[in-house]
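Reviewing the structure listed below.
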Amino acid sequence: MKRYTALRIRSLTSLTVAAAATTIGFAACGGGEDNSAGGTISFGGSAGTGDQDASSGGSSGSGNGGDGAGFNIDASTNDGALTADSACESQSAEATLVKKPVDIIIVIDNSGSMGGEIKAVQNNINVNFASIIGNSGIDYRVIMLAKHGKLSSQSVCIEAPLSGIPSGGCTSPPSQPVNTANFFHYSQEIGSHDSLCKILDTFRRADEFNLAPNGWEQWLRADSFKMFVEISDDGVSCNSSVAGANFNDGDNTAGGVTAGDAFDQALRTMSPAMFGDPNGEANYRFYSIVGMKENSPATDPWPPTDPIQDARCANGSAGEGTGYQELSILTQGLRYPSCENDSFDAIFLAIADGVIAGSKVACEFDIPEPPEGETIDLETVVVSYTPGTGGTEQRYKQVPDAASCAADSFYIENNRIFLCPDTCAVVQNDDAAKVGILFGCADGIPH
């Protein structure tokens, strides 16, 4: 059997895992002859669509790759991290990978008492929020659910650079929002008590300007982690036509738990692909800027480990927002008092930092094509994990499907490798993790 000294890779650039190095090993069938090629093959670009070819001599690969995760492929067979038996030899690739995209859904109460909060949002959303997230390198977009218009009518107008409305353009707002690649404004009046119902009922319904004819769902990305930011000075009391349910927190702790838990199930039932399976892990986090009492100091958030605060802002508010608080606790989000609108700069900075720190890493990988003329035996795939701090390499076992998941395991579906939830959690908590993947050829098994 011919021994390969070149790699032909089409889909490797689609791997996405945060700040982690992932080693991907190929096992090419061959005999016992020596192959000491030690060249380095480099290619990059998350948007690449073309083939990339490189020889064993170490020349740089080229193709239709854009900016993105970089890959350095060591064609040497002397890789100690992964081994193969005498029937196959290993060739490995190490990638510096990136975090999953984040879609941030900001929902703003447009009722008459919200003028101060809306002004604070408009003053801070660019400098102290979007720019911070953008500078982190995270692929993000902001989706805003609120009535577009003049501040004097408790409506919201966002200017450049996030929006397409030029600086100063919101003094006399244009008739409709101007969306950009990172900002999508779904104009919808949000009442004092109905944010949760409007989230559900507008999901697949066109906005008033038909910028989202299929609802704001069309602006979400399937592979993104979702972050909600609720801004209201009141509680929850509304009926959702989509969910066929009533949500009412009663401005008390017990009602907040009931309303928050019911909304969580309604949201995930409506779109498990976007927000997580109702019986599994949520794919969203919920931040609350609501009428609850201040922490000490006032700009410090209430963490998820603290219970619902059944007391209102010192400066006064219409309600404690206990239903929103429950959603924050349920999804490990933070809570802030809405009446501290003079401190929204610090609050938005903290939320931006939370978005960055809390963004999830991907736990699924494309299986690249093998060297030309060879076939990968999927039953031989081996996945390993080495802690970023060093230590012993751990081998994960392959299970038939997601339903068979257990600790230290993974499965393959539609030609992609998926780490099981417990395994994924280990990798996500280790920013410097190394995940090794070794493939066997059709007549050799890498054990």
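Values in this text are rule-based calculations from the coordinates and carry no lab data. Computed from a predicted model, the values in this text were never measured in an experiment. Every residue, glycine among them, receives a Cβ derived from its backbone with ideal geometry; neighbour counts consider all protein chains shown.
Mind checking which lysines have their Cα closer than 24 Å to the Cα of Lys293? Skip sequence neighbours fewer than 8 apart in that chain.
Lys119
Tell me, in nm to one decimal, what length is gained between Asn315 and Asn252 on full extension, where the rule is 0.36 nm per residue of separation less the Cα-Cα distance?
Working it through step by step, the gained length comes to 20.8 nm.
So what's the range 240-302 giving for Rg/Rh, alpha carbon basis, Kirkwood Rh from the mean inverse pair distance?
The Rg/Rh ratio comes out at 1.05.
Work out from phi, with θ = phi - 60° and the Karplus expression 6.51 cos²θ - 1.76 cosθ + 1.60, the ³J(HN,Hα) of each residue of the range 121-127, listed in order in whole Hz, and give x for Gly and Pro.
Those phi angles translate into 4, 4, 6, 10, 5, 7, 5 Hz.
Using the Kirkwood formula over every pair of different C-alpha atoms, what hydrodynamic radius in Å results for the range 102-358?
Numbers: mean 1/r = 0.0561 Å⁻¹.
This gives a value of 17.8 Å.
Using 7 Å Cα-to-Cβ label points, what is the Asn182/Thr389 separation (nm, one decimal)?
About 3.5 nm, to one decimal.
Cross-link list Lys100/Lys198; Lys150/Lys198; Lys226/Lys397: which exceed 32 angstrom alpha carbon to alpha carbon?
none
Taking only the Cα atoms of the range 123-247, how large is their convex hull per residue, in Å³?
118
Just how far, in whole angstrom, is the range 367-421 from the range 226-247 if you go by their alpha carbon centroids?
The range 226-247 and the range 367-421 have Cα centres separated by 40 Å.
How many angstrom separate the Cα center of the range 255-282 from the Cα center of the range 157-194?
28
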